[in-house]
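The values are calculated or read from the model by the stated rules, or taken from the named source; none is laboratory data. Note that the structure is a prediction, hence the values are computed from the model and not measured. Every residue, glycine among them, receives a Cβ derived from its backbone with ideal geometry; neighbour counts consider all protein chains shown. Just so you know, the surface numbers come from the protein's heavy atoms only, side chains and all, with ligands and any DNA or RNA stripped out. Shrake-Rupley method; radii C 1.70, N 1.55, O 1.52, S 1.80 Å.
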Amino acid sequence: MADQLSPDEKLHLITRNLQEVLGEDKLKQVLQERELKVYWGTATTGRPHVAYFVPMSKIADFLKAGCEVTILFADLHAYLDNMKAPWELLELRVKYYEQAIKAMLESIGVPLDKLKFVKGTDYQLSREYTLDVYRLSSMVTEHDAKKAGAEVVKQVEHPLLSGLLYPGLQALDEEYLKVDAQFGGVDQRKIFTLAEKYLPSLGYAKRSHLMNPMVPGLTGTKMSSSEEESKIDLLDSKEDVKKKLKKAFCEPGNIQNNGVLSFVKFVLFPLRGEFCIKRDPKWGGDKTYTEFEEVEKDFAEEIIHPGDLKASVEEGAKVAGGGGGDDDELVPSRLDIRVGKIISVEKHPDADSLYLEKIDVGEPETRTVVSGLVAYVSQEDLQNRTVLVLCNLKPQKMRGIESQAMLLCASVEGDPRRVEPLDPPEGSALGEKVFVEGFETGKPDDKLNPKKKVWEKLQVDLKISDECVAQWKDKRLMTKLGQITCKTLKGGNIS
């Protein structure tokens, strides 16, 4: 698509829905000559929340315009910002951010192969970068450094020196990532202007800056990863979402600093293109809006009640990623499927057709699995084999022995002899979570309720493709190393 766009059309895609652009003339000049190089950085502080969908959708615009996009997981920045991420947790935080953000991008159709992912400490601890930090600190005044970080770095009564370093490092990232422009929220503006002022003093080019509007939190202030009550987290349960919305500021007719209304504007509308108010027929019934201004007008005129707005946002938040714990929502993320290793196999003492497998799923104790499917698989083939295990079924006794999980296999209906255990990608770690594309961030049930037949209803759509890939409704089962497969049973079932 980008090859067919003119420089002006690319500029429109790059800048649409932004609150402010600094250096637009420079953008135009670069687009006349080549594709633009842009980076977006996120400090790995608290857990990513649903407002992250706003920059994600903008990154989709950059890619449509042919931009080369780098996503920076700013782990060192997270440490410098009043130690929001302790040093020993940085690596784990980065892994969580990477999984969550990649899942968000994939859920809105952004191709990951066109993005470059970088971790800050991969280059920020180098000799050259460190020397530039010292060079920059000899030029930037304390006043300028403090002012630049005022809306980004956590403000405390006795600030640490690390918070003064933060803005300068973000400025240097533009040079070390070799980009033409940096993208961020409008709260980053003072850091951007510091970069424009001081990078040329080091002999580096002045970059352009692209700024998204900030998504207000439920409390009326900025929605922040490190401020729990301000945000709807990707992993929040339905009960958590309801509790946060109940506390949220949403005065009848007041559209100023209204966090719930802002959530509709900045998160739900960009994601879905519409918003439905759910209400009792005696108050007008359900109504679908295609323009946010219509929602705002009806709320200002008190046609929409705050209670109905909050209830409708609660429904919308489930689609966006929060509220994943709904007991009635049939999504594959409710299944706790893990990579395991068969330690031993033996026949059931009281049933010739059943076998007992001891399986290591990364827990202190192995799990006992009672299975009849593997009766036609050689025991030698099963010994020490890496497999997939469903771990949150309610344990049940099978001929006197408790089965604590289920070994997942491909099978052919009507032919019990054709059975193959599913194969995770080589190198997958024991206990590693298996997920379905598009459902990476959901939280599995502690135990699947057998009365509601959650497993049985989801299992109907688990199939093997013609390429021997395990799928749920045509979406692949994956670990972080790749897709789940079987050896030969094309078109088979999974049970």
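Remarks
- Unmet requirement for Trp472, which otherwise passes all of (1) touching a Pro at 6+ places or on another chain (Cβ under 6 Å); (2) more than 26 Å from Ile232 (Cβ to Cβ): (2)
- Condition check for Gly120 on (1) open to solvent by less than 30 Å² (accessible area, probe 1.4 Å); (2) among the small types (Gly, Ala, Ser); (3) out of contact with any helix residue (DSSP H, G or I) (no Cβ under 9 Å at 6 or more places or on another chain); (4) at pLDDT 85 or above: one failure, at (3).
- Matching residues, segment 29-41, being farther than 13 Å from His209 by Cα and open to solvent by 40 Å² or more (accessible area, probe 1.4 Å): Gln29, Gln32, Glu33, Arg34, Glu35
- The lone criterion from (1) more than 21 Å from Asn392 (Cα to Cα); (2) touching a Ser or Thr at 6+ places or on another chain (Cβ under 9 Å) left unmet by Glu440 is number (1).
- Residue list for segment 135-187, restricted to those being small (Gly, Ala, Ser) and either open to solvent by less than 30 Å² (accessible area, probe 1.4 Å) or in a strand (DSSP E or B) (or both): Ala145, Ala148, Gly149, Ser162, Gly163, Gly168, Ala171, Ala181, Gly184, Gly185
- Within segment 303-332, the set of residues being under 28 Å from Lys451 (Cα atoms), modelled with pLDDT of 85 or more and surrounded by 21 or more Cβ atoms within 10 Å (Cβ to Cβ) comprises Pro332 only.
- Filter result for the condition that a residue is under 22 Å from Val152 (Cβ atoms), assigned to a helix (DSSP H, G or I) and among the β-branched types (Val, Ile, Thr), over Ile71, Ile101: Ile101
- Residues satisfying the stated conditions in segment 123-134, i.e. surrounded by 16 or more Cβ atoms within 10 Å (Cβ to Cβ) and among the hydrophobic types (A, V, I, L, M, F, W, C): none
- Only one entry in Val215, Val267, Val260, Val241 is modelled with pLDDT of 80 or more and among the aliphatic types (A, V, I, L, M), namely Val260.
- Selection from segment 247-261 of residues that are under 27 Å from the mean Cα position of the chain (by Cα) and open to solvent by 20 Å² or more (accessible area, probe 1.4 Å): Lys247, Phe249, Asn257
- The residue list Phe53, Phe62 contains one member that is at pLDDT 85 or above and buried (at least 19 other Cβ atoms within 10 Å of the Cβ), which is Phe62.
- Residues of segment 377-392 classified as hydrophobic (A, V, I, L, M, F, W, C) and modelled with pLDDT under 85, total: 2
- Subset of segment 279-300 (residues that are without any contact (Cβ under 8 Å) to a residue 40 or more places away in the chain and crowded, with 16+ Cβ neighbours inside 10 Å): Arg279, Lys287, Tyr289, Phe292, Val295, Asp298
- Considering only residues in segment 449-491 that are in contact with a Cys (Cβ under 8 Å, 6 or more places away or on another chain) and surrounded by fewer than 18 Cβ atoms within 10 Å (Cβ to Cβ), the one that is nearest to Val434 (Cα to Cα) turns out to be Lys487.
- Pair list, Cβ under 7 Å, 6 or more apart: segment 162-185 residue under 21 Å from Pro86 (Cβ atoms), other residue in a loop (DSSP other than H, G, I, E, B) and of a type in the set (A, V, I, L, M, F, W, C): Gly163/Val153; Tyr166/Val153
- Of all the residues in segment 419-430, those that are open to solvent by less than 30 Å² (accessible area, probe 1.4 Å) and part of a loop (DSSP other than H, G, I, E, B) number 4.
- Per the conditions (1) in contact (Cβ under 8 Å) with a residue 24 or more places away in the chain; (2) surrounded by fewer than 19 Cβ atoms within 10 Å (Cβ to Cβ); (3) in contact with a Leu (Cβ under 8 Å, 6 or more places away or on another chain), the sole criterion not satisfied by Leu112 is (1).
- Considered as a group, the residues in segment 352-365 that are under 16 Å from Ile401 (Cβ atoms) and open to solvent by 10 Å² or more (accessible area, probe 1.4 Å) include one that is modelled with the highest pLDDT, and that residue is Lys358.
- Residues in segment 431-447 that are buried (at least 16 other Cβ atoms within 10 Å of the Cβ) and more than 21 Å from the chain's Cα centre (by Cα): none.
- Members of segment 68-86 found to be open to solvent by 10 Å² or more (accessible area, probe 1.4 Å) and modelled with pLDDT of 75 or more, listed by number: Glu68, Thr70, Leu76, Tyr79, Leu80
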